[in-house]
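Note sheet for the following structure.
Derivation of every value follows stated rules applied to the coordinates shown; laboratory data play no part. As the structure is a prediction and not an experimental result, all values here were calculated from the model. Reconstructed Cβ throughout: ideal geometry from the backbone, glycine too, with neighbour counts over all protein chains shown.
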Amino acid sequence: MKYQFLKSALILGSVLAFVNCTDDATDVISNLDPNANQPSENDPSAMPADDPCWLINADQPYLIYPAGIVTDLKGNPVATFVFTDENYTTGNMIAADGSTIILNNIALDNLTVVTRATASMALPPSSSAAIETPASSADVTPTVSSSSTGTTPTSSETAANNDKSSSSEEKQVATSSATQTPITDGKVTITGSLTQTVAQKASTSEIKFSGLSNEPTRLSWNAYFLETSYSNGTYTIKAITVPEYFEVGEVSEFFKVEGKDYEFKITVTKAGSGSTSKSSSSQQQQKSSSSQQAKSSSSQQAKSSSSVQPVSSSSKQVVTTGCPTIKTKGGASGSGFASRYWDGCKPSCSWKNNAGSAGPAKQCSRDGKTASTNYDEQSVCSGGGAATCTSQIPFTIDGCDNIGFAFAAVPASNGGQCGKCFQLTFTGKGKYETKGNHKKLEGKKLIIMVTNIGADVNQGQFDVMIPGGGVGLYNGTSGYNWGSQGAQYGGLLTDCEKEAGTAGDVTNKRKECLIKKCNSSFGSDTQAKEGCLFLANFMEAAGNPTHNYTEVECPEVLKSKY
């Protein structure tokens, strides 16, 4: 998605006000001239050497300037930085094409403030780059091979690098987790391997982080099929079957645990190859898949400073293996509109008697994270312990332009539609009003899979499951530990429609308001926040948009989450 570039002095002031760094660095950065951070007159292609900026060391060192320009160490602009939060402290690094994400979820207050002249002195020494902890949790380097040709390092090269180890307290754990023996990193104990080889249709091995004071944050959704749970100071990455359609190659998932970033690297092999879930020695790294592992844009690839890093790619962040083919079935079709809800109750399709040929839909315990297979369990909305799983948030896929995926409720009077899928094509209009938000949605498609029914859902209406979409008739969200869910019907967007009013730029007012409320209500649940932001970003903050619908074959990306 393309974002507007922020350059004004007012925005610049907002950006700088939220920087958390040393006193000296704060003084330097707060005294920036509004005209600073532009290419110098002497060298129009390069940034000034003495302007303050943030340093992040990924596939190569990058310098991020408050005006949104990103350069290499020579000052040459190579990308732009676009803010994604209301406080201007987090953002994405976007390539020159204006849409490709190089790095996402970059937290500026975790980075070191430098100038181009001093940046090289802030980088980790190259001699310890293979295993030494970087200066900050966000200042890390992707795992790449040790030669510029991309070949796998030999055991002698790896051993030489390991000899350059710093103290055990400074080492990141991910690369050494090739055994099931618990490993302690500070106060965190890790059980299970963070480097695994798993065949399609086989299961990953469980990983546990214990001794935690708060729930970790999931930083990426590359291996979107993974499920997590948190209870009593222990964070579990569950043993989950790799979908058959997931592409062979390497994929990494990233987690922030007690202030540190950890990478869970999975090498996916072809189904039926005989490979099952196993640890992969950190000394025998496989070559990266061009579709799953980012390549350095530099011809001289740097050795990894840690296998713990944020999502990075010099080409494109991989979320899945590509856009699935959507095939129509010639079944039900018509027109209607899409409403929204998230009540947290046990889905109707989780009852075996309702499930049909698709089998029962997933259900979770009250927290929405812990899977529950007792399908006779009553719903939290009627005093039981079964609830909706937050893994069933709406989502998009890299390579699927203008197509989203979600779960939804249909009219109770329809019956027998559990596990069926429909394609909604938005018309650019709304059921109750038509604003710019609805017009921007025109032509986009939403593929939904039925998991629930609603007594208050009408024919042609699909009530899409979106966190913050409103609880409707029942409210089973108390166990999620979320913030305000907004209006009973329509949720946070309904509140924003009232707050934005009818004057001025209503389209952007509603969208900006919704983004702010999503960040506030789901600050402790990254997964739910992503689902809420789907309504702001993919759905353009359009309330009750009208659509034409037709029944389609269910794509695997939905079936795997059903």
Worksheet entry | Length released on extending from residue 431 to residue 184, taking residue separation times 0.36 nm less the Cα-Cα span | 83.3 nm
Worksheet item: What is the packing order of peptides 82-93, 63-74, taking the mean over residues of other C-beta atoms within 10 Å and listing the highest first?
Response: 63-74, 82-93
Practice prompt. In debye, nearest 20, what is the charge dipole magnitude of the stretch 328-559 about its Cα centre with +1 on Lys and Arg Cβ and -1 on Asp and Glu Cβ, if you could check?
Written response: 200
Practice prompt. Using a 10 Å cut-off on Cβ atoms, rank the peptides 106-115, 340-349 from the highest mean neighbour count down.
Written response: 340-349, 106-115
Practice prompt. Take every DSSP beta bridge with both residues inside the stretch 328-559 and express the antiparallel ones as a percent of the total, to the nearest 5.
Written response: 65
Practice prompt. Could you pull the Cα extents of the stretch 355-411 along its three principal axes, largest to smallest, in whole Å?
Written response: 41, 26, 21
Discussion item. Over the Cα atoms of the stretch 432-515, what radius of gyration and what Dmax do you get, in Å?
Written reply: 14.4, 39
Worksheet, complete the sentence: From fewest to most C-beta neighbours within 10 Å, the residues 252, 203 line up as 203, 252
Discussion item. On a full-extension model of 0.36 nm per residue, what is the gain between residue 232 and residue 208, subtracting their alpha-carbon distance, rounded to one decimal in nm?
Written reply: 7.4 nm
Worksheet entry | Net charge of Cβ neighbours under 13 Å - reference residue 493; Lys, Arg +1; Asp, Glu -1 | +2
Discussion item. Can you compute the label reach from residue 524? Point 7 Å from Cα along the Cβ direction, backbone N cut-off under 17 Å, restricted to the stretch 200-218.
Written reply: 212-218
Practice prompt. Taking H placed 1.01 Å from N in the peptide plane, check which residues at least 5 places from residue 329 or on another chain put their amide H under 5 Å from its amide H.
Written response: 551, 552, 553
Worksheet item: Which semi-axes, in whole Å and largest first, does the equivalent ellipsoid of the stretch 323-423 have when worked out from the alpha carbon gyration tensor as the square roots of 5 times its eigenvalues?
Response: 25, 17, 13
Discussion item. I want the local charge near residue 251. Using Cβ-Cβ distances under 13 Å, sum +1 for each Lys or Arg and -1 for each Asp or Glu among the other residues.
Written reply: -4
Response to the item:
Too long for a 18 Å Cα-Cα cut-off, among 260/529; 420/445; 439/511; 327/431, are 260/529; 327/431
Response to the item:
In whole Hz, the Karplus estimates of ³J(HN,Hα) for the stretch 469-474 (6.51, -1.76, 1.60; θ = phi - 60°; x where Gly or Pro) are x, x, 8, x, 5, 10
Response to the item:
In vacuo Debye sum over C-alpha of the stretch 328-559, base-10 log of normalised intensity I(q)/I(0) at q = 0.07, 0.09, 0.17 Å⁻¹, listed in q order, is -0.20, -0.33, -1.24
Worksheet item: Using modelled amide H (1.01 Å from N, peptide plane; none on Pro or chain starts), what sits under 5 Å from the amide H of residue 78, excluding residues fewer than 5 places away?
Response: 70, 71, 72
